[in-house]
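Reading through the structure tokens given below for one structure.
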Amino acid sequence: MNDKNNTQIIWKGSKEMAESLMLSIGPDDPESFVVEIIHEEELAKLVISINSENLSTIRSTVDDILSCLSAVEASFERIK
């Protein structure tokens, strides 16, 4: 039996943005999650899978990741 809890964050958008988002969370505790980009026709899907034995750790990791993703998206919006 697997005692780990898991969740996923899935984001869809441009390939360029997906790559930037992936780079923004790379240095942030990489052993806590796995990130992959799935290329679809003209879009990309960024899938972040978070696993932990402790639910509060998952919540903290999700909060950190969402904060990083939000900052990158806001930066892109300002550039446009």
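The values are calculated or read from the model by the stated rules, or taken from the named source; none is laboratory data. Since the structure is predicted, the reported quantities are computational estimates derived from the model, not experimental observations. Positions of Cβ are backbone-derived with ideal geometry, glycine not excepted, and every protein chain shown enters the neighbour counts. The accessibility values were calculated without ligands, DNA or RNA, using every heavy atom of the protein model including side chains. Shrake-Rupley method; radii C 1.70, N 1.55, O 1.52, S 1.80 Å.
Kindly provide the set of residues from the range 36-80 that are open to solvent by 50 Å² or more (accessible area, probe 1.4 Å) and among the aliphatic types (A, V, I, L, M), ordered by number.
38, 43, 55, 66, 71, 79
Please find, among 65, 38, 10, 48, the residue that is of a type in the set (A, V, I, L, M) and not in a strand (DSSP E or B). Outline the logic, then answer.
Details: 38 fails: not in a strand (DSSP E or B); 10 fails: not in a strand (DSSP E or B); 48 fails: not in a strand (DSSP E or B).
Of 65, 38, 10, 48, the one residue that is of a type in the set (A, V, I, L, M) and not in a strand (DSSP E or B) is 65.
Identify, please: which residue in the range 25-35 is open to solvent by less than 60 Å² (accessible area, probe 1.4 Å) and not in a helix (DSSP H, G or I) and is, among those, farthest from residue 12 (Cα to Cα)?
Ranking the candidates gives 28 first.
Can you list residue pairs whose Cβ atoms sit under 6 Å apart, with the first residue in the range 3-14 being within 18 Å of residue 68 (Cβ to Cβ) and the second being open to solvent by 100 Å² or more (accessible area, probe 1.4 Å) and not in a strand (DSSP E or B)? Count only pairs 6 or more apart in sequence or on different chains.
none
Looking at the range 51-62, which of its residues are assigned to a strand (DSSP E or B) and modelled with pLDDT of 90 or more?
If the condition is that a residue be assigned to a strand (DSSP E or B) and modelled with pLDDT of 90 or more, then 51 is the only one that fits.
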